[in-house]
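Presented below is the structure to which this report refers.
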Amino acid sequence: MKKYVVTGGAGFIGSALVRGLLREGAGRVVVIDNLLTGREENLEEVRGSIEFHKEDIRCYESIAPLMEGADTVFHEAAIPSVPRSILEPAPSHEVNIDGTFQVLRAAADGSVRRVVYAASSSAYGDTEVLPKSESMLPRPKSPYAAQKLLGEYYASVFASCYSIETVSLRYFNVYGPRQDPSSPYSGVLSVFMKALLERRAPTIFGDGEQSRDFTYVEDVVALNLQAAAAPGISGQVFNGGNGGRITLNEAWALLQRIEGVRIEPVYADPRPGDVRHSQADTTAVSAALGHTPRYSFEEGLRLTLEWYRKEFR
Ligand code: UD1
């Protein structure tokens, strides 16, 4: 029976991946999460089908035995958020860089076949050309972006120096059910949806004309499963995005239309470290992995809004 490990498996993306693995008939699914931002409730209905370990990825001794002999390790554990990494750079450095190193080291020592690493589109920074393709020179603008980029470099170095395969997926602003809207560092769509359902004005940092390639979480799950299975891609980096681009003003307008309300947003100063535009070139990922995103922005938004509606009731 093949064993799969998901670090950060109690988080928003990690728990969706755990469900995806179980849907695909994965034999053994091991979750490692220190519950800093993850929540056990995210795994509620699958708790009996997985092994859950409350451990910290920075601790090699704790995680190494859990990785031993796994087919694939999906490394989702991280301290996310660009502004958080600017305000408190040390914890995110320790988790995103030191923690990633320990995950790769434990996986290599434990004869894991492949690590699929959750990298970030933030690595691109502000490029002159859109969409952003993997061959562009990365220009990180924040500690978070630099940390995620270093993780990619470490992953590909492990693939070339040790007997382990690695693949990095640069996620583009993932959203969907279970994304926690309650922190000041939460993803913008989760914050927008909470405001919408509570009939409050959201805050938009800047003029709202910055754009993102918002990617529905189930498309990211499918991409991870493809990245785990595809042969001949070790050491490589792929975009995990939709290929589209939506401004924050457009996103808020669409949410108001779906809900049938009109609420003027409050505009505030732009956030330091913010990237202006983000859009994935999906050519390479589609050619190498056969990946095609299935959810349009409006579909994903409606599904997510439905989930929050039930959650907040
Ligand atoms: C970045 C990465 C993303 C990564 C995420 C992890 C880029 C392009 N994307 O997301 O891949 O998953 O970090 O944390 O670098 N905003 C508001 N009002 C709010 C909250 C946010 O206007 O209440 C704005 C932000 O200023 C930003 C945009 O919304 O312009 C998106 O912010 P956020 O959802 O935090 O994600 P990124 O920082 O873009």
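Counted by Cβ distance under 14 Å from GLN236, the other residues give a net charge of -1, where Lys and Arg count +1 and Asp and Glu count -1. Once you have a ≥ b ≥ c as the square roots of the Cα gyration tensor eigenvalues for the stretch 81-171, tell me rounded if a/c is under 1.5, and otherwise prolate or oblate according to whether a/b is larger than b/c. Here the stretch 81-171 falls in the oblate category. Protection proxy ranking for 195-206, 136-147, using the average of other Cβ atoms within 10 Å per residue and placing the highest first: 136-147, 195-206. As a rough footprinting exposure proxy, the listed residues ASP274, ASP281, ASP207 were ranked by other beta carbons within 10 Å of their own, and the order from fewest upward is ASP207, ASP274, ASP281. Need one number: % antiparallel among DSSP beta bridges in the chain, to the nearest 5. So the antiparallel bridges amount to about 5 percent of the total. The helix-only estimate of mean residue ellipticity at 222 nm for the chain, built from DSSP H runs of length n ≥ 4 each weighted as -39500 (n - 2.57), is -11500 deg cm²/dmol after division by the residue total. Compute the acute angle (0 to 90°) between the alpha-carbon long axis of helix 248-259 and the principal axis of greatest extent of the alpha-carbon atoms of the chain; round to the nearest 10°. Approximately 80 degrees, to the nearest ten.
In the chain, the longest principal axis of the Cα atoms and the axis of helix 217-229 are about 20 degrees apart. Compute the Cα gyration tensor for the stretch 173-231, then decide on rounded, prolate or oblate, letting a ≥ b ≥ c be the square roots of its eigenvalues: rounded whenever a/c is under 1.5, prolate when a/b is larger than b/c in the other cases, and oblate in all that remain. Prolate, since a/c reaches 1.5 and a/b exceeds b/c.
Placing a pseudo-label 7 Å from each Cα along the Cα-to-Cβ vector at GLU311 and ARG200 gives an inter-label distance of 1.5 nm.
Each peptide in 208-221, 178-191 gets a packing score, the mean of other Cβ atoms within 10 Å over its residues, and the list from highest to lowest is 208-221, 178-191.
Order the peptides 150-157, 78-85 from the highest to the lowest mean number of other Cβ atoms within 10 Å of their residues.
Per-residue Cβ counts within 10 Å, averaged per peptide and sorted highest first, yield 78-85, 150-157.
Taking Cα atoms only, the orientation of helix 143-161 departs from the longest principal axis of the chain by about 30 degrees.
Taking each residue as 0.36 nm, the span from ASP274 to TYR162 lengthens on full extension beyond its C-alpha to C-alpha distance by 36.7 nm.
Read the figures in this text as sums done on the coordinates, not as results from a lab. Source: prediction; values computed, not measured. Here Cβ is always computed from backbone atoms with ideal geometry, including for glycine, and neighbour counts include all displayed protein chains.
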